[in-house]
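Taking it in order: structure first as structure tokens, then the write-up.
Please treat every number below as a calculation from the coordinates, not as lab data. Remember, predicted model here, so these are calculated numbers, not experimental data. Here Cβ is always computed from backbone atoms with ideal geometry, including for glycine, and neighbour counts include all displayed protein chains.
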Amino acid sequence: MRRFALALAAVTWALPATAQDFHQALQTYYETSLTGWSTDPVLIGAIRAQNATTSVYSADQVAALDRSWQAEIGNANQPTITPILHNPAADFLRGQVDSSGGRITEVILMDGAGLNVAVTGITSDMWQGDEAKFTETYGHGPGSVHIGEVEFDESTGRYQGQISFPLVDPANGEMVGAMTVGVDAELIQ
């Protein structure tokens with residue numbers, strides 16, 4: 001029992017350094033690998049187009065979209081999910097996932113309301129606006145970055161950390177939406 005307690009204490013003592021190392025690895029990955037394509041015109045254009053519609057949505061309309069999305073998961077007919085999963089921005093993002101060598105597990109592109117604009121895989125909900133990936137980025141302005149804890153992600157089936165940040169239109173400096181990039185915990189270190 002004493003040996004177990006010592007081993008547990010050693011592991012617990014080592015965790016903060018590991019978490020700190022992972023946080024730094026994600027920050028570095030954001031700076032070196034994500035900022036270059038996060039202002040691509042296809043992404044900015046897709047967000048702007050959706051913002052033109054959703055910027056006037058009421059909370060009830062956003063909630064109805066979210067409920068529709070969740071009800072469609074696993075069904076053959078997915079009229080809410082399909083346009084978000086299959087559009088030029090989603091195709092662009094899947095290209096980024098494919099070229100990442102397995103480091104990127106998923107990408108979620110969100111509009112100014114926190115609704116999915118493009119995804120690389122089906123997410124558990126459409127509205128991200130109540131989650132830290134959106135509230136800690138879009139709500140905090142350009143340059144903000146939210147790095148999540150390493151967790152098992154059911155939608156990807158992998159342990160990942162998430163890097164989230166607002167997207168800014170390089171043409172005028174206007175913040176238009178946010179993006180979350182899931183990164184494989186084992187491959188980023």
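Listing for the model above:
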| quantity | calculated |
| --- | --- |
| Gain on full stretching of the segment that runs from Thr28 to Val42 - 0.36 nm per residue minus C-alpha separation | 2.6 nm |
| Relative contact order (%) - the chain, alpha-carbon pairs under 8 angstrom, separation at least six | 23 percent |
| Cα extents of the stretch 31-189 along the three principal axes, largest first (Å) | 42, 40, 26 |
| The stretch 90-178, Rg to Rh (Cα coordinates; Rh as Kirkwood inverse mean 1/r) | 0.95 |
| Nearest 10 degrees, 0 to 90: helix 59-72 Cα axis against the chain principal axis | 70 degrees |
| Student exercise, the chain dipole from Lys, Arg, Asp, Glu Cβ charges, in Debye to nearest 20 | 380 debye |
| Cα centroid separation - the stretch 35-76 against the stretch 110-177, whole Å | 12 Å |
| Compactness of the stretch 40-113, expressed as Rg and Dmax over alpha-carbon positions, Å | 13.8, 40 |
